[in-house]
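Peer 1: Below is one structure. I have some questions about it.
The values are calculated or read from the model by the stated rules, or taken from the named source; none is laboratory data. Everything numeric in this text was worked out from a predicted model, so none of it was measured. Glycine gets a Cβ as well: all are built from the backbone with ideal geometry, and neighbour counts include every protein chain shown. Side chains included, ligands, DNA and RNA excluded: accessible areas come from the protein's heavy atoms. Shrake-Rupley method; radii C 1.70, N 1.55, O 1.52, S 1.80 Å.
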Amino acid sequence: MPTRLTRGAVATAAALAMTFAAACAPGSSNDKPANKAPSAISTDVAKAGNVTLTVWDQEVQGGLKQQVDTLNKQFMAKYPNVKINRVSRSFTDLQKTLRLALSGSNPPDVVEANQGYANMAQYVRAGMLLPLDSYDQVYGWKKRYPKGLMDLNSVTPDGKLIGSGNLYGVSLNGEIVGLYYNKEKLAKLGIQPPKTWAEFDQALATAKSKGELPIAFNNLEKLPAMQLYGIIQDGLTDKQAVRDLVFGKGGSWTDGPNVQAAKKLSDWAKQGYLTKDPNSRKWDDTPVDFAKGEGVFMFGGTWWAPDLADRMKEKVGFVLPPAAQAGQPTATMGGESLPWSITAKSKHADVAAAYINFITSPEAMDVSVETGNLPVLAAPTKQPSLPLMKEVSTAWAELSKNDGTTPYNDYTSPTFTDGFGGPLQELVAGRKSAEDVMKAAQDDATAFQKKK
């Protein structure tokens, strides 16, 4: 999932920025977190003595919360000497507070540190996270996970390059951004789940003409517009071009297909296809509103699926975003959930590593399925039972087969959520042109590349 610092008083934000900047300064005391040799690592949690392991996560909704609660209980049952002090916050609130916590004198032991230049790369540069390569040699995570997924959680020590360097986290769930739809509304409108963008455009026009809101879309935090833009972009250009663009390997945000994607998003807003005044409504309220009947469609991540399945039962469906042409494979943003990382100042790093290994084990993948989630790796014995999760699992398998995942576009730079997401808010509100928005995106990307 993408990241950014969202709300909060100016003074608080300024204080946080100063604290984090100091921690990032060259020569700071936490520049080089210790990394044990594999032979020095203890995997005997029972002999660690009484340990309180503080864990910060963002799994606050439905099955996601249940999944972590279940795994934590299982871990503590297996190791009665360990007490897990769990601090769970919404995605937005976690991103807002985590930097400050990591730069303090008593940070948590394990955190979900979001991928990308805005978060994980900066934490690594500041020496706030522990390299996990030695622990990987003990637990064998790279043998279980595909290289592409390990690369997403790998960063060079200077924080300048994602996909290389050391491993800093391991993920539990898979995730993709796809298209949810209200089955009852589609049936009343005489619409089938769209397979192409042409079919989708027609479905939006039909829904609007019948008095329905076509797309549930709340955008207070700016990230939703970036995701919606990215879905459109994936349908208009090559997936490798998107990957290269996000990671600064080629292309420009002002290239034709990228501007065209912004124009399409602008058109949807002008045509009344999106929620009214979306920039004033919270992202996390989108699935709640959708479950109450607001919107025929909703673009969103699979992290919302367990809660929607609980709220809507048989009324909700999920498919990958439309393809350019019938029968063509589709691409969309996704990969894996926020990785579990160990903080550099943790006093219980060996126990923390054992905990991460436990909650990302094959058995944990079974728990993921049992609690209605999408495991990042195939569960060894369990299959989804809920209709929605079966559709999500099918979509994940199709996307994986076609190598169709693209990175979240906020990975582009540490400031991209403001540098691009802010102008996208203006685009949706009808105050900026597509060309101006994409120039702002390229300006932000260029400024970051020059600093690397």
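Peer 1: When you look at MET389, is it more than 30 Å from ASN50 (Cβ to Cβ) and modelled with pLDDT of 95 or more, yes or no?
Peer 2: no
Peer 1: Related question: Determine whether LEU98 is farther than 30 Å from ASP285 by Cα, under 21 Å from the mean Cα position of the chain (by Cα) and not basic (Lys, Arg).
Peer 2: Taking the combined requirement at face value, the residue does not satisfy it.
Peer 1: To continue, here is another question. Checking GLU370 against (1) touching a strand residue (DSSP E or B) at 6+ places or on another chain (Cβ under 8 Å); (2) surrounded by fewer than 24 Cβ atoms within 10 Å (Cβ to Cβ), which single condition isn't satisfied?
Peer 2: All conditions are met except number (1).
Peer 1: Check ALA13, ALA21 and return the single one that is open to solvent by 50 Å² or more (accessible area, probe 1.4 Å), modelled with pLDDT under 50 and either assigned to a helix (DSSP H, G or I) or under 16 Å from LEU102 (Cβ atoms) (or both).
Peer 2: On inspection, the qualifying residue turns out to be ALA21.
Peer 1: Still on this structure, I have one more. Among the candidates VAL369, VAL316, which residue alone is aliphatic (A, V, I, L, M) and over 30 Å from ARG243 (Cα atoms)?
Peer 2: Exactly one of VAL369, VAL316 is aliphatic (A, V, I, L, M) and over 30 Å from ARG243 (Cα atoms), namely VAL316.
Peer 1: Considering only strands (runs of 3 or more DSSP E) fully contained in the stretch 50-121, which possess at least 2 residues that are of a type in the set (Lys, Arg)? If you could, list the steps in order and put the result at the bottom.
Peer 2: Working: elements: 51-57, 82-88, 110-112.
Ranges flagged: 82-88.
Peer 1: Failed condition for LEU265, given (1) closer than 25 Å to LYS185 by Cα; (2) open to solvent by less than 20 Å² (accessible area, probe 1.4 Å); (3) touching an Asp or Glu at 6+ places or on another chain (Cβ under 9 Å), with all others met?
Peer 2: The one condition LEU265 does not meet is (3).
Peer 1: Also, quick follow-up: Taking into account only those residues within the stretch 58-103 that are small (Gly, Ala, Ser) and touching a residue at least 40 places away in the same chain (Cβ under 8 Å), which is farthest from ALA352 (Cα to Cα)?
Peer 2: Checking each candidate, the answer is GLY62.
Peer 1: If you don't mind, there's one more thing I want to ask. If you scan the stretch 137-167, which residues turn out to be polar (S, T, N, Q) and in contact with a strand residue (DSSP E or B) (Cβ under 9 Å, 6 or more places away or on another chain)?
Peer 2: ASN153, SER154, THR156, SER164, ASN166
Peer 1: Follow-up. Checking GLN192 against (1) assigned to a loop (DSSP other than H, G, I, E, B); (2) touching a residue at least 60 places away in the same chain (Cβ under 8 Å); (3) open to solvent by 10 Å² or more (accessible area, probe 1.4 Å), only one condition comes out false. Which one?
Peer 2: That leaves (2) as the condition not met.
Peer 1: Pairs please, first residue from the stretch 415-429 and without any contact (Cβ under 8 Å) to a residue 12 or more places away in the chain, second anywhere and surrounded by fewer than 24 Cβ atoms within 10 Å (Cβ to Cβ), Cβ atoms under 6 Å, 6+ apart in sequence or on different chains.
Peer 2: Cβ pairs passing all conditions: GLU426/LYS432.
Peer 1: Could you check the stretch 387-424 and list, in sequence order, the residues that are among the aromatic types (Phe, Trp, Tyr) and part of a loop (DSSP other than H, G, I, E, B)?
Peer 2: TYR408, PHE420
Peer 1: While we're on this one: Being farther than 22 Å from GLY174 by Cα and open to solvent by 60 Å² or more (accessible area, probe 1.4 Å) narrows it down to one of LYS65, LYS83, so name that one.
Peer 2: Just one listed residue meets the conditions, LYS83.
Peer 1: Scanning for something in a loop (DSSP other than H, G, I, E, B) and surrounded by fewer than 16 Cβ atoms within 10 Å (Cβ to Cβ), does the stretch 219-226 turn up at least one residue? It would help to see each step written out before you state the result.
Peer 2: Here is the first cut: in the stretch 219-226, the ones in a loop (DSSP other than H, G, I, E, B) are 219-222.
Subset that is surrounded by fewer than 16 Cβ atoms within 10 Å (Cβ to Cβ): none.
The answer is no, given that none of the residues of the stretch 219-226 is in a loop (DSSP other than H, G, I, E, B) and surrounded by fewer than 16 Cβ atoms within 10 Å (Cβ to Cβ).
Peer 1: When both residues are 6+ apart or on different chains and their Cβ atoms are under 9 Å apart, which pairs have a first residue that lies in the stretch 136-150 and is farther than 16 Å from ILE41 by Cβ, and a second that is open to solvent by 50 Å² or more (accessible area, probe 1.4 Å) and polar (S, T, N, Q)?
Peer 2: Listed pairs, sorted by first residue: PRO146/SER400.
Peer 1: Oh, and also: List the pairs whose first member sits in the stretch 27-47 and is at pLDDT below 55, whose second member is open to solvent by 70 Å² or more (accessible area, probe 1.4 Å), and whose Cβ atoms are under 8 Å apart, counting only residues at least 6 apart or on separate chains?
Peer 2: ASN30/LYS345
For every residue, the table says whether it meets (1) open to solvent by less than 10 Å² (accessible area, probe 1.4 Å); (2) of a type in the set (Ser, Thr, Tyr); (3) more than 30 Å from ALA262 (Cβ to Cβ).
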{"site": "LYS345", "(1), (2), (3)": "no, no, yes"}
{"site": "HIS348", "(1), (2), (3)": "no, no, yes"}
{"site": "ALA378", "(1), (2), (3)": "no, no, yes"}
{"site": "GLU391", "(1), (2), (3)": "no, no, no"}
{"site": "THR394", "(1), (2), (3)": "no, yes, yes"}
{"site": "SER400", "(1), (2), (3)": "no, yes, no"}
{"site": "ASP403", "(1), (2), (3)": "no, no, no"}
{"site": "ASP410", "(1), (2), (3)": "yes, no, no"}
{"site": "PHE416", "(1), (2), (3)": "yes, no, no"}
